[in-house]
1. Counting only residues that are assigned to a loop (DSSP other than H, G, I, E, B) and surrounded by 12 or more Cβ atoms within 10 Å (Cβ to Cβ), which one in segment 139-170 is modelled with the highest pLDDT?
2. Looking at (1) within 20 Å of the chain's Cα centre (by Cα); (2) closer than 30 Å to residue 81 by Cβ, which is the only condition residue 148 fails?
3. Does segment 27-42 contain any residue that is crowded, with 19+ Cβ neighbours inside 10 Å, among the polar types (S, T, N, Q) and more than 24 Å from residue 148 (Cβ to Cβ)?
4. Checking residue 59 against (1) at pLDDT below 90; (2) not in a loop (DSSP other than H, G, I, E, B); (3) not hydroxyl-bearing (Ser, Thr, Tyr), which test does it fail?
5. Can you tell me which residue is modelled with the lowest pLDDT among those in segment 1-40 that are over 14 Å from residue 74 (Cβ atoms) and in a strand (DSSP E or B)?
6. Among residues belonging to segment 9-28 that are out of contact with any strand residue (DSSP E or B) (no Cβ under 8 Å at 6 or more places or on another chain) and among the aliphatic types (A, V, I, L, M), point out the one that is nearest to residue 162 (Cα to Cα).
7. For segment 151-170, how many residues meet the condition of being among the aliphatic types (A, V, I, L, M) and either under 21 Å from residue 55 (Cβ atoms) or touching a residue at least 60 places away in the same chain (Cβ under 8 Å) (or both)?
8. Among (1) touching a His at 6+ places or on another chain (Cβ under 8 Å); (2) of a type in the set (A, V, I, L, M); (3) not assigned by TED's automatic domain parsing to the domain that holds residue 123, which single condition is residue 160 missing?
Amino acid sequence: MTLTISHTAADGTLIDGTSRGDGSGDVLAAHGWRWFRSIGFWGIRSSRDRAPKVRLIEMTAEALRASGFDVEIDIDSTARPTAEVEADRIDRQAARVEALELKAGRRSEQAESAWEAEQRADHRELDGHERTLFVVRGVKQIEKFPPDEGTYRQSLITRIAERAEQITYWEEIRAQQIASGQANNFGPDTIAKGDLVRCSGVWYPVVRVNKKSVTVPARIGGDWTDTIPYHKLAGHRQAKEAETASASSSSIKEVRS
């Protein structure tokens, strides 16, 4: 029985030729593959429009061959332009504008955290790195990892370049939405402790300013605090502005009374 492991940017990494009960599922599951019920194939999760995980593909193929399967590998590592990738995703959503707004907020968070963390991890593998295992009497015990070489090194370079393009794309989308007023530009540089922020129609005093969120008193009452990501804020008043508004409101109440 011949199985074919294939990879394209549009479809991701899939395997064709498996059958229920043939034993391939146990091997695939053990190597982190997932059964996609909607399309009826085993595949590698989140592999669409990503560089192929060559090392995992080869390890899976070797394990399947050891179990008696004939395995062919067909990899097309050509990446699609980010605009084309996102256009395909947006086409599957009913409200294009709303999807872009929500997605831009999430993607900007990812660009600052998950994507940058992935970039740092890939660069460490690419350039080589070391880590401290433990310290004995002031002497560090170091484990050194040399730079990756060969096919895997090239896949790292490709993955880093693709992710950099994704980050640039979403930074541009975010900038466009901020300029048009579709998204806010709130952050630790614009909000300070004591300011007021609005979320879901309610104003909250800022207890603490964080890198990616603000801390406010419990939103449903209580003696704890909650955090609100910057991209979910719908309004902001500086402390002085809030005090002025409060004083004006009090004056109006006194006149009416």
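The values are calculated or read from the model by the stated rules, or taken from the named source; none is laboratory data. Computed from a predicted structure; not experimentally measured. When we count neighbours, we look across all protein chains shown, and the Cβ atoms used for this are built from the backbone with ideal geometry, even at glycine.
1. Selected residue: 147.
2. Among (1) within 20 Å of the chain's Cα centre (by Cα); (2) closer than 30 Å to residue 81 by Cβ, residue 148 violates only (1).
3. The answer is no; no qualifying residue exists.
4. Result: residue 59 passes all but (1).
5. Only one residue fits best here, namely 36.
6. 9
7. Here the count works out to 4.
8. Condition not satisfied by residue 160: (3).
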